[in-house]
Amino acid sequence: MAQLAIEDLRRILIACAGEDDSLDLTGDILDSTFEDLGYDSLALMESAARIKQEYGIDLSDDDIADVETPRALLALVNADTATAAV
C-alpha cells in the first residue's frame, strides 16, 4: 500500500479547508501546528474522512484530536499503511 506523501496531504488539506482562501499551505508546513495553519477540528475530521476514502486508512476521532502537525498526521497514516501491508 502506498504511503501518504506531504504533497498528497497538502492536496487533501486544501480540499477540506472549505472556502477559507486565507489558508497558506505553501512552503514547509510539516512542523506547523494545524491551529497555526488555520485548521479547526472539523476540517481535520473532514481530512481524515478523505484519507479513509482515498487510502483506506480509518483514523479514530481520538487519533485526529491528538495530532498537532502535518508531520504527526503523516506518521500516523503511514504507520497504519505499513501495518496494513504486513
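The values are calculated or read from the model by the stated rules, or taken from the named source; none is laboratory data. Since the model is a prediction, treat every value here as computed from it, not as a measurement. FYI the Cβ positions are ideal-geometry reconstructions off the backbone, even for glycines, and counts take in every protein chain you see.
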Q. Say we look at the stretch 24-77 and pick out the residues that are over 15 Å from GLN3 (Cβ atoms) and hydroxyl-bearing (Ser, Thr, Tyr); which of these is nearest to the chain's Cα centre (by Cα)?
A. SER47
Q: Please list, ordered by first then second residue, the pairs with beta carbon atoms under 8 Å, 6 or more apart or interchain, first in the stretch 1-12 and under 15 Å from THR26 (Cα atoms), second among the basic types (Lys, Arg) and part of a helix (DSSP H, G or I).
A: ILE12/ARG50
Q) Residues of the stretch 52-66 being surrounded by 15 or more Cβ atoms within 10 Å (Cβ to Cβ) and either under 20 Å from THR26 (Cα atoms) or hydroxyl-bearing (Ser, Thr, Tyr) (or both), which ones? A) TYR55
Q.
Suppose we keep only residues that are aliphatic (A, V, I, L, M) and crowded, with 16+ Cβ neighbours inside 10 Å within the stretch 31-51. Which one would you say is nearest to ALA17 (Cα to Cα)?
A. ALA43
Q: Scan the stretch 36-59 for residues that are of a type in the set (Asp, Glu), modelled with pLDDT of 90 or more and assigned to a loop (DSSP other than H, G, I, E, B) and jot them down.
A: ASP58
